[in-house]
Amino acid sequence: MPDKSYKIAVIPGDGIGPEVTSSAVKVLKAVSEKFGFELNFSEYKAGGCAIDEFGIPLPEATLEGCKSSDAVLLGAVGGPKWDKVDAKIRPEKALLGLRAGLGLYSNLRPALLFEELASASPLKNVSNIDILIVRELTGGIYFGEHGRYDSSELLSDGSSKGTVAFDTESYSVAEIERIVREGFRYAMGRSKKLTLVDKANVLESSRLWREVAEKISSEYPEVALDYLYVDNCSMQLINRPETFDVIVTSNMFGDILSDEAGMITGSIGMLPSASLGAPGTPGMYEPVHGSAPDIAGTGKANPLATILSAAMLLRWSLDETEAADLVEEAVKKTLKDGFRTVDIASGDSDTVLGTEEITAKVLERI
Ligand code: IPM
Ligand code: MG
């Protein structure tokens, strides 16, 4: 009996989710055997499949199962089948509910350019993109007050405003402090550069982010802190992506910038993510890509982002560093040896494989 054993909640979700999580689970099993620890997997439903079966996207049993695990591995949720359901029970609500329910305030989204895939980047002459986006995940406009009301105010032309909808961006000092501190901590472990991205020329909440970051920066004198407005940042990510190291930002800006950062690495199908809460509580790991309903069931999905998410799970939730390193190495070797899924194939020398075949190549390298 191995002396270390961990409980992993697996949420395959919708679309290609079940295919890519099954690959990652195989990889996790392989490294657990190799390094002598035990993994106990339990599967739970969330997203569209849970709406179909239970009428709600996040059943209580799923949240409870996740809470009592050491870590959660999630595939993807959502798809056109559920586009018309009531906004209150959309599949995305499962993600937001898991984030809030597990207190996952810190979302790590690395955007790494794999040398072998540089030609897949839409940018010319790129190399050395290695950015870590630290996105606040349980506050801001996603979780602020939302609503609608009928306004009696008039527009400048005298016509009536009518129905108004609003979503509120609000952040407390405590919420900003804990995520900004995460940003500094990761910067310390990397090249000691931290960029706070905000809209402080317009938003009061952004000005509070700056004040807090300025204060915390005195605790990390070795880290060079700079500030960028989000509109400028979206431009500079295209203009000089290699100059960024760690970016810390609010929930919505992080959502938008992480898609952009993913795109410039040319490999949205390659990008993992981790969502973490207080130390000692379960983290959630998922690929950055969505449920890709158009290719679900065709066996073409790229499982590498989910496999790399499993590596993050090993590293951040289980502290199984060697196993995490080995998984990342195995993925890199698989690419180096010319194996690709169709989404990342470019050169003639590439061997294009399906989900299961490329998973087998990773497993051979473990
Ligand atoms: C993401 C997604 C989610 C988000 C959606 C599906 C709710 O875009 O994880 O980036 O906006 O956070
Ligand atoms: Mg997003």
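Some points to look at:
- Computed on the Cα trace of the range 122-264, the radius of gyration divided by the Kirkwood hydrodynamic radius gives Rg/Rh = 1.07.
- Neighbourhood net charge (11 Å Cβ-Cβ; Lys/Arg +1, Asp/Glu -1) for Thr321: -4
- Nearest-0.05 FRET efficiency for Lys81 and Ser151, computed from C-beta distance (R0 41 Å): 0.70
- Cα coordinate range in the range 219-272, projected on the principal axes (Å, largest first): 37, 23, 22
- Most mobile of Asn302, Asn128, Asn201 in a GNM of the chain (Cα contacts under 10 Å): Asn201
- Cα long-axis angle, helix 321-336 against the chain (0 to 90 degrees, to the nearest 10): 80 degrees
- Taking the square roots of five times each eigenvalue of the Cα gyration tensor of the range 269-323, the equivalent ellipsoid has semi-axes of 25, 12, 7 Å, listed largest first.
- Computed with a 1.4 Å probe over protein heavy atoms only, the accessible surface of the chain comes to 44 Å² per residue.
- Looking at the range 129-233, the DSSP beta bridges with both ends there are about 55 percent antiparallel.
- DSSP assigns beta bridges within the chain; of those with both partners inside it, close to 40 percent run antiparallel.
- Rg and Dmax of the range 1-160, based on Cα coordinates, read 20.8, 77 Å.
- Calculated FRET efficiency for the pair Ala174/Glu222, C-beta based, R₀ 22 Å, to 0.05: 0.35
- Each Lys or Arg adds one and each Asp or Glu subtracts one; over the other residues with Cβ under 14 Å from the Cβ of Ser69, this totals -2.
- When the chain is treated as a GNM with alpha-carbon contacts under 10 Å, the residue of Ala50, Ala24, Ala61 showing the greatest mean-square fluctuation is Ala61.
- Local electrostatic count, Ser346, Cβ distance below 14 Å [Lys/Arg +1, Asp/Glu -1]: -4
- The mean of 1/r over all distinct Cα pairs in the chain, once inverted, gives the Kirkwood hydrodynamic radius of 21.5 Å.
- At R0 = 35 Å, FRET efficiency that the Cβ-Cβ distance of Leu203 and Asp52 yields, to 0.05: 0.35
- Span from the the range 148-202 Cα centroid across to the the range 245-276 one, whole angstrom: 18 Å
- With the convex hull of its Cα atoms as the shape, the range 215-331 has an orientation-averaged projected area of 9.8 nm².
- For the chain, the longest principal axis of the Cα atoms and the long axis of helix 173-188 meet at an angle of about 40 degrees.
- Surface composition of the range 122-264: carbon and sulfur make up 51 percent of the accessible area, probe 1.4 Å.
- Pairwise centroid distance, computed over Cα atoms, of the range 340-363 with the range 106-135, Å: 19 Å
- Lys215 paired with Glu242, simple spin-label distance in nm, labels 7 Å along Cα-to-beta-carbon: 3.9 nm
- Estimated purely from DSSP H runs of n ≥ 4, each contributing -39500 (n - 2.57), the mean residue ellipticity at 222 nm for the chain is -11500 deg cm²/dmol once divided by its residues.
- Peptides 93-101, 33-41, 293-301 ordered by packing proxy, namely the average of other Cβ atoms within 10 Å per residue, highest first: 93-101, 293-301, 33-41.
The values are calculated or read from the model by the stated rules, or taken from the named source; none is laboratory data. Just so it is clear, the structure is predicted and the values come from calculations on it, not from any experiment. Because the Cβ atoms are built from the backbone with ideal geometry, glycine has one as well, and the counts that use them run over all protein chains shown. To get the accessible areas, we keep the full protein, side chains included, count just its heavy atoms, and leave off ligands, DNA and RNA. Shrake-Rupley method; radii C 1.70, N 1.55, O 1.52, S 1.80 Å.
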